[in-house]
Amino acid sequence: MRQTLNKRPSADSAFPHTADTFKPPGPRASLFGKLLKYLAIGRVTLRNHFAYVYDFLIRSIFLILIMYIFIQLWSVTYQGEGTSIIEGYSYAQIIWYILFAEALTTAFPSLATRIEEEVKNGDVGYKLTRPLNYIAFHYVGYLSEVAVRLLVNLGVGGLLGVVIFGWPDFGWGWLGFLLMSIGAITINFLLNMALALCAFWVEETRGLEFVYHKLLFTVGGMLMPLELFPKLLQEVCRWLPFQTILYFPAKTAVKWADISLAPMLLTQMCWIILLGAVVWMIYRQGVTKLNVNGG
């Protein structure tokens, strides 16, 4: 009787299946949880930027001024050439091409400035200790911000184009533009992040960003399609990643019937893999040499 009274059930006997059934989350569940975490960050960032949509509308006035200059410039160019088609582009197609390219360009925020400030004031040390990947954290925030800006730019610029030329017959070009823009935004982020991460060594990277922007404006195809470049320069541009950021999406929009989508998407994917590896190596080296001056 005494033995019976002193015998107490153990945790394992009270819950006989607890020890056997409890398992740590598998890699699939862990990956899904991380995905949900970054989606939540992107959703919050997206909502925050929608709160400032009127500020983006005011900034779009700059886009209208730029487009007015290009409209006058190309009008004179086509009149001087005495033809309605230049290298396969009509006057309306050229203007729409530049409009799409400008909408993307003005939608890109300055990543170098953001990383610089984090390094200088010490916020980078705090963010590196959080249970988040530093690059992925900035990517989802960057993607959300660009999405809002691009939506506003397309609305304002598209309205301008419709007023001047009427509703365009792009067919599936609109959808193709959005599809190509995802890869374009990713490649632009990776190139900017590679430059911005140099702040771990030199802190001041805005000069590098300035040079990059000028390359994007010229050999990236913002000012004009690559078909209008000299043949030798065209071949050089095709071996550079800049064409995948502006030229690919803008051409896909206005010349959907003449493009081959699969090779362009494959080119973007190759650059994403290559640049992603480069950014990761720079990041790993930079973290080991990080010297926080603030905070």
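Some notes on this structure:
- Accessible solvent surface per residue of region 89-179, calculated while the other protein chains remain in place, 1.4 angstrom probe, Å²: 39 Å²
- At R0 = 22 Å, FRET efficiency that the Cβ-Cβ distance of Val162 and Glu81 yields, to 0.05: 0.30
- Estimated distance in nm for a label pair at Ala257 and Leu223, the labels positioned 7 Å out from Cα along Cα-to-Cβ: 3.1 nm
- Computed over protein heavy atoms with a 1.4 Å probe, the carbon and sulfur contribution to the accessible area of region 185-295 reaches 70%.
- Take region 192-253 with all the other protein chains still there, run a 1.4 Å probe, and you get 42 Å² of accessible area per residue.
- Value of Rg to Rh for region 131-268, rounded to two decimals, is 1.00; Kirkwood radius and Rg both from alpha-carbon coordinates.
- Here each label is just a point 7 Å from Cα along the line to Cβ, and for Met269 and Ile69 those points are 3.9 nm apart.
- Region 211-255 shape via C-alpha gyration tensor axes, a/c threshold 1.5: oblate
- Segment Val236..Arg59, full-extension length gain: 60.3 nm, with 0.36 nm per residue of separation and the alpha-carbon distance subtracted.
- Potential lengthening between Glu203 and Ile135 on full extension [0.36 nm per residue; Cα-Cα distance subtracted]: 22.7 nm
The values are calculated or read from the model by the stated rules, or taken from the named source; none is laboratory data. Since the structure is predicted, the reported quantities are computational estimates derived from the model, not experimental observations. Cβ sites come from the backbone with ideal geometry, for glycine too, and all protein chains shown count toward neighbours. For accessibility, only protein heavy atoms count, side chains too; no ligands or nucleic acids. Shrake-Rupley method; radii C 1.70, N 1.55, O 1.52, S 1.80 Å.
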